[in-house]
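The values are calculated or read from the model by the stated rules, or taken from the named source; none is laboratory data. On a predicted model such as this, the values are computed, not experimentally measured, just so you know. FYI the Cβ positions are ideal-geometry reconstructions off the backbone, even for glycines, and counts take in every protein chain you see.
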Amino acid sequence: MKGLFKTIHEKYRRGLPNSRERVTPEESQIATYMKKETEVSQKLTIMLLVKYKQLTSEQRYAIYLGKQKGTSRRVIARSIGVSPSTVSGEIRRNSNRHGRYSWRLAQDRKER
């Protein structure tokens, strides 16, 4: 079976076989399986490479200072190198019922 995979790999490595190359039905079936497996592997690799990072205490403090100064979320996000939606979510999750952002509360929640 290993030899068959190697043969298929060699034929398909250069692209699809041309009309002069004979591909058996078994080779075609295995090649289809290998193509699907490769697509799944690529998707998993992409998922693993896109890691989510938590904000640091310094970034949270910068959000706090930006809010105190009345700076827009977009400008805060640009200054700390994150997406504006990250800043919005951080403020939404870690504001008290009066709408005040607490960077200490956010940091405590992260460390739990």
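For the range 93-109, a tally of residues being under 14 Å from Glu58 (Cα atoms) and either without any contact (Cβ under 8 Å) to a residue 40 or more places away in the chain or not assigned by TED's automatic domain parsing to the domain that holds Gln68 (or both) returns 4.
Scanning the range 58-79 for residues that are in contact (Cβ under 8 Å) with a residue 24 or more places away in the chain and of a type in the set (Val, Ile, Thr) yields one hit, Ile63. Each residue in the range 91-112 was checked for being assigned to a loop (DSSP other than H, G, I, E, B), more than 27 Å from the chain's Cα centre (by Cα) and closer than 19 Å to Ile76 by Cβ, and 4 pass. Among the residues here, Ile46 qualifies as modelled with pLDDT under 65 and under 29 Å from the mean Cα position of the chain (by Cα). Considered as a group, the residues in the range 56-105 that are in contact with a Phe, Trp or Tyr (Cβ under 6 Å, 6 or more places away or on another chain) and charged (D, E, K, R) include one that is surrounded by the fewest Cβ atoms within 10 Å (Cβ to Cβ), and that residue is Lys67.
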